[in-house]
């Protein structure tokens with residue numbers, strides 16, 4: 001797994017707008033960019049699917065394991081990895097801190113979205 005450049009990760013963490021584009025089934029064509037929330041915990045970038053595991057982008061991310069993101073003026077080739085376990089509480093806390101007051105916060109820290117938590121890592125260039 002590749003690690004984020006700290007300056008780039010800080011830029012991404014500071015923005016509310018992240019667009020995720022997992023590869024389509026052909027493994028080469030990017031899917032339609034989908035706007036989602038993102039949080040940083042312990043030097044890693046995490047996203048969740050509002051509609052849970054039934055979300056189209058989530059299903060593509062889990063099937064293809066790669067794609068790209070655009071945030072804070074950066075476009076990065078990335079990999080996707082499902083996340084579960086104790087880190088979920090820290091991801092919830094990061095959502096509460098970043099998106100406090102949003103009417104969408106409760107669903108994003110609920111079981112449906114939690115079940116579709118993804119670690120986004122920069123893809124190593126070949």
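Values quoted throughout were computed directly from the atomic coordinates according to the rules given, and no laboratory measurement underlies them. These figures come from a predicted structure and were not determined experimentally. Don't worry about glycine lacking a Cβ; one is built from the backbone with ideal geometry, like all the others, and counts go over all protein chains shown.
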The chain, relative contact order in percent, only Cα pairs under 8 angstrom and at least six apart counted: 32 percent
Sorted by Cβ neighbour density within 10 Å, fewest at the top, the residues 86, 44: 86, 44
Pair residue 100, residue 63: separation of 7 Å Cα→Cβ label points (nm): 4.0 nm
Gap separating the Cα centres of the range 1-31 and the range 86-126, nearest whole Å: 14 Å
For 3, 95, 19, order by how many other beta-carbon atoms lie within 10 Å, fewest first: 3, 19, 95
Separation in nanometres of the label points that stand 7 Å from Cα toward Cβ, at residue 10 and residue 111: 4.0 nm
Calculated FRET efficiency for the pair residue 29/residue 86, C-beta based, R₀ 35 Å, to 0.05: 0.45
Rg and Dmax of the range 1-72, Cα atoms only, in Å: 12.2, 33
For the chain, built as a Gaussian network whose Cα springs stay under 10 Å, the top-fluctuating residue of 58, 50, 104: 104
Likely footprinting exposure, 57, 37, fewest C-beta neighbours within 10 Å first: 37, 57
Residue 56/residue 3 FRET efficiency (R0 30 Å; Cβ-Cβ; nearest 0.05): 0.60
